[in-house]
Amino acid sequence: MKKIWVYAEEVQGEISKVTLELLSKAKELAKAFSHEVEIGAVLLTKGIGEMTETLEAYGAEVVYAGEDDRLEAYCHTTYAPVLARLIKKEDPDIFLFGATQIGSELAPTVAAIVKTGVAAHCVDLRIGDDGLLISEVPAFGGKIIGEILIPKCRPQMASIKPGTFIATESCVKCSVVKKIDLTGLEDADKRLIPLKTCVTKSEAKPIDEAEIVIAGGYGLCCSENWSRLQELAELLGGAAGSTRPCLDEGWADNEQTMIGTSGKSIRPKVYMGFGISGATHHICGMKDSGLVISINKDKNANIFGVSDYYAVSDVNEILPILIDLVRSSKATAAEKGEKECH
Amino acid sequence: MSLHIVVCIKPVPDPDHYDRVTIAPDTKRIVREGIPTVINAVDKCALEKALQLRAQYGGKVTVITMSLPSADTNLREALAMGADEGILLTDRAFAGADTLATSYTLAKAISQLGDADLVMLGAESADGATGQVPSQLGEWLKMPHLWNVFSIEDVEEKKYRIKTKYENGYKEWEGTLPLVLGVSRELAKPRHIGAMGIIKAKNKPITVLGKNDICGIEDEYIGLSGSPTQAGEIRTPEMGRSGHKLEGTTEEIGIQILEKIRAGGITI
Ligand SMILES: Cc1cc2nc3c(=O)[nH]c(=O)nc-3n(C[C@H](O)[C@H](O)[C@H](O)COP(=O)(O)OP(=O)(O)OC[C@H]3O[C@@H](n4cnc5c(N)ncnc54)[C@H](O)[C@@H]3O)c2cc1C
Ligand SMILES: Nc1ncnc2c1ncn2[C@@H]1O[C@H](COP(=O)(O)O)[C@@H](O)[C@H]1O
């Protein structure tokens, strides 16, 4: 039986969204095989809690669970050898990881132990006619997409950025939980010790969950315009996104707002770009948006070529006007609403 | 205490020109004509931090790359920044290496040095951008490793408090040397190279090593044949859109934009 596995990343007691996205993709990949395929989720944790149910709801048929106090905090020195032993025992064909901070370290580490390949930061996955996994990876900041195959070694591993696939619940089959053998955990390398994880709760809506993202680039020119951009995003019920220079300048201070190859991939209903030139590194992260509108004062800006609508305009002028327009539009709507109520 | 720090640098086509990268229609190969080769930017951040640590503790900084013979120029630049020695791994047998084969080859050469306390790399290269070499190098060297390091502070001799990036925050670690660290841009801002640096670099040694110069290297793990991943077809993604220009006064453009946003499915 073919086994397609997904590494189930835990974030503060819950299964991360990217895990569910990958399980959904795994189900789709399984259709390419005529014979039976096992969709497995591999979870290492201090306490399983309700996580099995979540994995099951998104299509995991087998949950390989390693539960131990020593797995409370992630560290490759404990996690990777456990996964490598499990791979040797169960021989999965495909093993997918979210290209999160942890996944981006853990996947290549495991691969180096079992001596197999990992296709990094994939933008798509499919099964070829010969039954091999074909992973599409971006190179040169997304300007080139290349296929990666792992013909001889197993498992065929891949890491996928959050937001690349869409998580869909499946008609629930009951999953089987198999305990992972944790012997050897005590031999873990003690030269590296995880001390703590700090997570800042941000008030702002995450850009990968917003229906409309208002993105700003170096052309914003100053932090005042970044504040304006945030205001506009808030008025529209969306989120403010940024390019890298915008962060480098310190206008945007939350790295989670960055869109692109080293930032997030987003697919909102509407993306608007202000003062963004359209470098491939950025476009790579926003090209799947529904509608793209961009504003740049340079009539030859690259971003116009990847936009549905564009305007050659100065952000200093257009941002205040848009804010006013949205405000008055909302005020009118509210007034109308009130009248209808009476 | 003195440290021997090894910094891995990778020559890459300058990322500022990636919009000029194309695929030749006939040969189906990547065309990067006229794009200059530079040291992967974040590798210089790793080198900068290494130089700062050397200033603090004393010791030596060795830069190493596996690349074409022309990477000599890039190594010379790293020496001008302040590194003490350069090592160039170059051999036809190394060609076509994926991250596993690259990290293996680097590991074999670093092991041969015998005394590396700290190995530093960029977290990610600009061209391939897998970000996998640091972790895999750590595994081959049997040293603990961390990825996306943005802060290193010493606690006591050979013991460091290290911060790595994490979604919406960071993770803190305590690591005892030897360690392998893949670093992010925030760790250190590379210094400018002065005329003195360039002059001094002329007399610093660069050792060129081929396969036969590296002790115990096994064919099974190097180059294309030692790489589990194989490249398939390549394409340029279709990203173009119709690009309708909105015209009029700024006010008129604003009104049109609002219409488009509504048409895009957003209620205002
Ligand atoms: C390895 C690597 C990874 C990277 N990853 C990312 C990533 O994930 N995300 C990312 O965004 N970048 C990334 N970058 C950087 C990327 O290559 C570009 O440098 C960046 O996207 C450019 O941002 P920008 O468009 O804001 O700035 P610029 O390219 O400087 O463009 C500014 C634009 O603003 C316009 N402008 C100026 N003034 C005004 C005004 N008053 N009104 C209107 N328009 C104005 C200008 O005409 C110009 O087009 C990466 C780079 C590297 C090397
Ligand atoms: N061929 C190479 N020679 C030396 N260092 C390398 C090489 N390839 C990758 N590296 C190092 O590994 C880091 C991450 O690269 P990558 O895993 O390819 O994204 C780079 O920033 C370099 O520091």
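The values are calculated or read from the model by the stated rules, or taken from the named source; none is laboratory data. None of these values were measured; they are calculated from a predicted model. Here Cβ is always computed from backbone atoms with ideal geometry, including for glycine, and neighbour counts include all displayed protein chains.
Side notes on the structure shown:
- Test set (1) in contact (Cβ under 8 Å) with a residue 12 or more places away in the chain; (2) among the small types (Gly, Ala, Ser); (3) within 14 Å of chain A (Cβ to nearest Cβ) - B:ALA24 fails condition number: (1)
- Filter result (facing chain A (nearest Cβ under 9 Å) and surrounded by 15 or more Cβ atoms within 10 Å (Cβ to Cβ)) within the range B:6-16: B:PRO13, B:PRO15
- The range A:95-113, residues that are farther than 15 Å from B:VAL133 by Cβ, facing chain B (nearest Cβ under 7 Å) and among the aliphatic types (A, V, I, L, M): A:ILE113
- Scope the range A:108-123; condition closer than 17 Å to A:THR164 by Cα and more than 13 Å from ligand 2 (Cβ to nearest atom); matching residues: A:CYS122, A:VAL123
- Members of the range A:149-164 found to be surrounded by fewer than 24 Cβ atoms within 10 Å (Cβ to Cβ) and of a type in the set (A, V, I, L, M, F, W, C), listed by number: A:LEU149, A:CYS153
- Subset of the range A:260-281 (residues that are at pLDDT 95 or above and either in contact with a Cys (Cβ under 8 Å, 6 or more places away or on another chain) or more than 6 Å from ligand 1 (Cβ to nearest atom) (or both)): A:PRO268, A:LYS269, A:VAL270, A:TYR271, A:MET272, A:GLY273, A:PHE274, A:GLY275
- Meeting the requirement of 1 or more residues that are in contact (Cβ under 8 Å) with a residue 24 or more places away in the chain, the strands (runs of 3 or more DSSP E) wholly within the range B:156-268 are B:169-176, B:179-183, B:206-209, B:230-235.
- For the range B:86-95, the criterion of being within 18 Å of B:ASN212 (Cβ to Cβ), surrounded by 22 or more Cβ atoms within 10 Å (Cβ to Cβ) and β-branched (Val, Ile, Thr) is satisfied by at least one residue.
- In the range B:79-106, of all residues being more than 14 Å from every other protein chain (Cβ to nearest Cβ), assigned to a helix (DSSP H, G or I) and more than 11 Å from ligand 2 (Cβ to nearest atom), the one that is nearest to A:MET157 (Cα to Cα) corresponds to B:ALA93.
- Hits in the range A:267-281 (condition: more than 8 Å from chain B (Cβ to nearest Cβ) and either in a strand (DSSP E or B) or among the aromatic types (Phe, Trp, Tyr) (or both)): A:TYR271, A:GLY273, A:PHE274
- One residue from A:VAL199, A:VAL270, A:VAL213 being under 30 Å from B:LYS158 (Cβ atoms), among the β-branched types (Val, Ile, Thr) and under 21 Å from the mean Cα position of the chain (by Cα): A:VAL199
- Leading residue by the ranking (farthest from the chain's Cα centre (by Cα)) among those in the range B:11-45 that are assigned to a loop (DSSP other than H, G, I, E, B) and within 16 Å of ligand 2 (Cβ to nearest atom): B:ASP14
- In the range A:233-258, the residues that are free of Cβ contacts under 8 Å to residues at least 12 places away in the same chain form Cβ pairs under 9 Å with partners that are assigned to a loop (DSSP other than H, G, I, E, B), at six or more places apart or across chains, as follows: A:GLU234/A:ALA204; A:GLU234/A:LYS205; A:LEU247/A:ASP253; A:LEU247/A:ASN254; A:LEU247/A:GLY263; A:GLU255/A:GLY263; A:GLU255/B:ASN168.
- All positions within the range A:239-255 that are in a loop (DSSP other than H, G, I, E, B) and either acidic (Asp, Glu) or surrounded by 24 or more Cβ atoms within 10 Å (Cβ to Cβ) (or both): A:THR243, A:GLU249, A:ALA252, A:ASP253
- Which listed residue is at the interface with chain B (Cβ under 8 Å from one of its Cβ atoms), surrounded by fewer than 23 Cβ atoms within 10 Å (Cβ to Cβ) and not in a helix (DSSP H, G or I), from A:THR77, A:THR116: A:THR116
- Pairs where the first residue, in the range A:21-43, is hydroxyl-bearing (Ser, Thr, Tyr) and the second is buried (at least 19 other Cβ atoms within 10 Å of the Cβ), C-beta under 7 Å, 6+ apart: A:SER24/A:TYR58; A:SER24/A:GLY59; A:SER24/A:PHE165
- Some residue of the range A:282-296 being within 10 Å of ligand 1 (Cβ to nearest atom) and either in a loop (DSSP other than H, G, I, E, B) or at positive phi (or both): no
So that you can scan it fast, the table gives a plain yes or no per residue for (1) within 26 Å of B:ALA129 (Cα to Cα); (2) hydrophobic (A, V, I, L, M, F, W, C); (3) surrounded by fewer than 24 Cβ atoms within 10 Å (Cβ to Cβ):
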| position | (1), (2), (3) |
| --- | --- |
| A:SER262 | yes, no, yes |
| A:TYR271 | yes, no, no |
| A:ILE283 | yes, yes, no |
| A:LYS287 | yes, no, yes |
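- Set A:LYS264, A:LYS269: member being free of Cβ contacts under 8 Å to residues at least 60 places away in the same chain and of a type in the set (Lys, Arg): A:LYS269
- Residues (without any contact (Cβ under 8 Å) to a residue 60 or more places away in the chain and assigned to a helix (DSSP H, G or I)) located in the range B:57-72: B:TYR57, B:SER70
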